[in-house]
Amino acid sequence: MVKINSNYLSLKDSYLFSTIAKKVKAYKEKNPDKRVISLGIGDVVLPLSEPVINSLKTGVEEMAKKDSFKGYGPEQGYDFLREGIRGYYSEFGVQLDEKSIFISDGAKSDLGNLLDIFSKDNIVLIPDPVYPVYVDTNIMDGRKIEYMNCNAENNYLPLPDFNVKGDIIYLCSPNNPTGAAYNREQLEKWVQYAKEIGAIILFDAAYEAFISSPEIPRSIYEIEGAKECAIEVCSLSKTAGFTGMRCGYTIVPLELECEGVKLNKLWLRRQTTKFNGVSYVVQKAASGVFSKEGREKVKEVIDYYKENAKIISKVFDELGISYTGGVNSPYIWIECPNKMSSWEFFDFLLTEANVVGTPGEGFGENGEGRFRFSCFGDREDIEEASQRVFKALNDLK
Ligand code: MLT
């Protein structure tokens, strides 16, 4: 008789953001007169910029003509897009080989798919709290997970501990959910540790565009030796409003080896078997992100979301509630007031302020008693939500 992958039975019943969406839907159905504002899932609201739309239109027109129509694309993505990414990285001093860049349909898929090239016997080292995808994809494979505590004492930035080892190490900086970001010296420690113990770092750089502090690296490859121990995964979702378009990229350096095997070769083998690439029109649109005008527009949009972050942070500054993030990140991570649990605080905010956030517990045990606000939103909504949150919390005092 057919058997299921029983590892799935060890997962929580539903994915964090699906659970939240269900709760919010139920609340809205019971309270149709309430206008609920979501600062929950980090989903962008501003439209694609003009350079991106122009590139997209060009792509669509090309697909309509016999002499420029495209069928299957190149295995790792079109050269014009990989060249754009290479140029972008060179601006922060990272030289990438074009063959190391693989265009993907987003960071989430690749973070899960990459596990295909690693043995299920590897131990993974994962921060807690963390983006749930790292944990769930490893549970699905039945891999052993070691957690690293992230808390106020280590500013939510755990550093390597030679007593706790993993073969695959997940790092996300700027971090989802805490908004904390590693500086150069801290990342150097991680690279040194990974090389010493023979581990691979899976570096999630999905929020790199939010970095404005010079001491925070945009890429793990700004650290010497990282190409020998790290894979970097990035996304255009938050950078350029691609949550609905779906485009990202993964960098597997040519020098990266495991048991004498080049990981770039293994990943190419995996991708050519299980993935047929991102559509031409989406890759064409994505190339607009890396043009000069596209880069300027990215900055404008990121500045807009960062201004939102300032507006929300001000609420917690005024109320004396401690938090991290909101500076090099679109997320603000607060301590729930009055020792409320994170789901209690979720219900409180939903009913008292009609504002949705993300309960910290959904990101791991250390997230209990913490709560995440996302700054992706229209300015008017952010201002209104901030006022409502301020009022609800002030009334609690
Ligand atoms: C989040 O809110 O954590 C993200 O938007 C989820 C994602 O990128 O998949």
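Every number here is computed from the coordinates shown, using simple stated rules; none is lab data. Keep in mind the model is a prediction, meaning the values are calculated, not measured. Glycine gets a Cβ as well: all are built from the backbone with ideal geometry, and neighbour counts include every protein chain shown.
A few notes on this one:
- Simple spin-label estimate for SER213 and ILE197 in nanometres, 7 Å along Cα-Cβ: 2.5
- Counted charge near PHE316, where neighbours are those whose Cβ lies closer than 13 Å (Asp, Glu -1; Lys, Arg +1): +1
- Peptides ranked, highest mean first, by Cβ atoms within 10 Å: ranges 362-375, 331-344: 362-375, 331-344
- When the chymotrypsin sites (Phe, Trp or Tyr not before Pro) in region 32-119 are filtered for DSSP coil states and for at most 16 other beta-carbon atoms within 10 Å of their beta-carbon, the remaining sites are PHE69, TYR72, PHE92.
- Packing around the peptides 300-311, 279-290, taken as the average count of other Cβ atoms within 10 Å per residue, puts them in this order, highest first: 279-290, 300-311.
- Rounded to the nearest 20 debye, the dipole magnitude of region 73-230 is 140 debye, with +1 charges on Lys and Arg beta carbons, -1 on Asp and Glu beta carbons, and the Cα centre as origin.
- Volume in Å³ per residue [convex hull over Cα atoms, computed for the chain]: 166
- Residues with amide H under 5 Å from that of ILE201, placed H, sequence gap 5 or more: ILE169, ALA230, ILE231
- Contour minus Cα-Cα distance for SER341 and ASP317 (0.36 nm per residue): 6.6 nm
- For the listed peptides 45-54, 254-263, a ranking on the average number of other beta carbons within 10 Å per residue, highest first, reads 45-54, 254-263.
- Spin-label model, ARG269/ASP116: points 7 Å from Cα along the beta carbon direction are separated by 1.2 nm.
- 18 Å cut-off, amide nitrogen to a point 7 angstrom out along GLU383 Cα→Cβ, residues in region 309-351: 309-316
- Taking every DSSP bridge with both residues inside the chain, close to 50 percent are antiparallel.
- With the cut-off at under 17 Å, measuring from each backbone N in region 249-293 to a point 7 Å along the Cα-to-Cβ line of GLN95 picks out 253-256.
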